[in-house]
Amino acid sequence: MAENDIYTELAEKLKAPLSERFLAILHEMFTPEEASVCLELIIPGTVEDLKTALGYDETTLINILNSLVDRGVLTRGKTLFAFHSSLLGFHHDLADTGVHTGPNALPQKVKDLWADFFYNEWAEIWVKSASDRKAAGGQGIMLTPAIGALEISNIPDDDLVPQENWKMQIKLAKRRIIAPCGCRVLWGKCDHPLMTCFAGFDNSRGIYYLDKPGRLLKEYTEEETLEIVRQNEEAGLIHWGVCYCCADACEMLHSYTKYDRLDLVEPNRFQAAVDEETCIGCQDCVEKCPFNAVEMVKVPGSKKLKASIIAENCKGCGVCVVGCKQKALKLEIVRPKEYMKAREFRFPAPEPSKSGRRIPVNAPIGPYGGFYELG
């Protein structure tokens, strides 16, 4: 196979765009031989599998595998190695759980290529994909209400469904593993808190990467985790389940904001409300709201403009509630528990590799395309 064909096929298997920008990332990150190994390992495989499929001698193959593992490109189990089945998985294992310190850290040139790809191409693809999914009757993202906002609003646990009760999820977790924001690590320029990624919080992905060389992710106590959450919420970051995000770098929030498609974020069961008597008209909430859901209006009997919620724009994130120094805002439940139907997104299993290998029974492909053979 010609060199360029290797990179093109790898991009196709990742369901990535066949663009100059993305192909430049692959060319910079991999030799043709490394790309061929990654291509074959979209289906997890052993050294023997690779020798049969690729025809490389064992010494050459092991050197390539060790290099890719050291750089955080491949996951490695007791006998199996694996690459990724999706562009999202490739990005996240490079970013939030990737190698960021030491000799195997991702070079700045590669990060710059990712930034160019995201801001000038991938962001638009995110919007189109979400828009197509919505048009076909699918679901958009739904935000988790801020813990601080629920506490300020005096909403009891009994009024919450499990996926809304983030504080309880933190309390019940066996392992609390937090990683750096993958978007900020690769391309973001903002100064928001770094430890915002909970994708490996209490699962095999986080455990697998926890003690790997060069990683920034760490394990925290319940109290430490809640303090990190408080800092993220007070910084104005929104929580959509596995990450605290901003409009500067987040794949979804930046993309939807840039292309004026905030309608692709579904409202949850909550909506902000203003206490006009307490509101002093400072407009902090207007600046903090990422969904343009707060406006200043004239109120009878007041010389100052007061905050008012634009109901159709409010997503129920609670950022404005946490950010109000006067405690003039709170969350109210405006939709019943039945509104929170099952929200699952299943990634399709990857196609067989060129040699015909399929996914082994003990090699699940998760939301980020990762394979974690532990124990």
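Bear in mind that the values in this text are calculations on the coordinates, not laboratory data. No experiment lies behind these values; they were computed from the predicted model shown. Cβ atoms come from the backbone with ideal geometry, glycine included; neighbour counts cover every protein chain shown.
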For the range 109-265, shape from the Cα gyration tensor axes a ≥ b ≥ c, cut at a/c of 1.5 then a/b versus b/c, turns out oblate
antiparallel share of DSSP beta bridges within the chain, to nearest 5, in %, is 90
Computed over all unlike Cα pairs, the Kirkwood hydrodynamic radius of the chain in Å stands at 22.3
Once both label points are put 7 Å beyond Cα along the C-beta direction, the V286-K51 separation in nm becomes 7.0
Subtracting the Cα-Cα distance of E332 and C190 from 0.36 nm times their residue separation yields 48.0 nm
Taking the chain and counting helices only, DSSP H stretches of n ≥ 4 at -39,500 (n - 2.57) each over all residues, the nearest-500 ellipticity at 222 nm comes to -10000 deg cm²/dmol
In the chain, whole DSSP H helices that both stretch 15 Å or further along their axis by alpha carbon positions and average at least -1.0 on the Kyte-Doolittle scale are 58-70, 123-135
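Starting from the Cα gyration tensor of the range 1-102, take the square roots of the eigenvalues, sort them a ≥ b ≥ c, and report rounded, prolate or oblate (rounded when a/c is under 1.5, otherwise prolate if a/b is larger than b/c, else oblate).
Oblate is the answer for the range 1-102, as a/c is 1.5 or above yet b/c matches or exceeds a/b.
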Expressed as a whole-number percentage, the relative contact order of the chain with C-alpha contacts under 8 angstrom and at least six residues apart is 20
Working note, the range 267-335: Cα radius of gyration (Å, one decimal) and Dmax (Å, whole number) are 11.1, 34
Taking a straight Cα-to-Cα line shorter than 24 Å from K325, and setting aside same-chain lysines fewer than 8 residues away, one finds K167, K288, K298, K303, K304, K306, K315
Note on the range 102-158: alpha-carbon gyration tensor, axes a ≥ b ≥ c; rule is a/c under 1.5 for rounded, else prolate if a/b larger than b/c, else oblate; result oblate
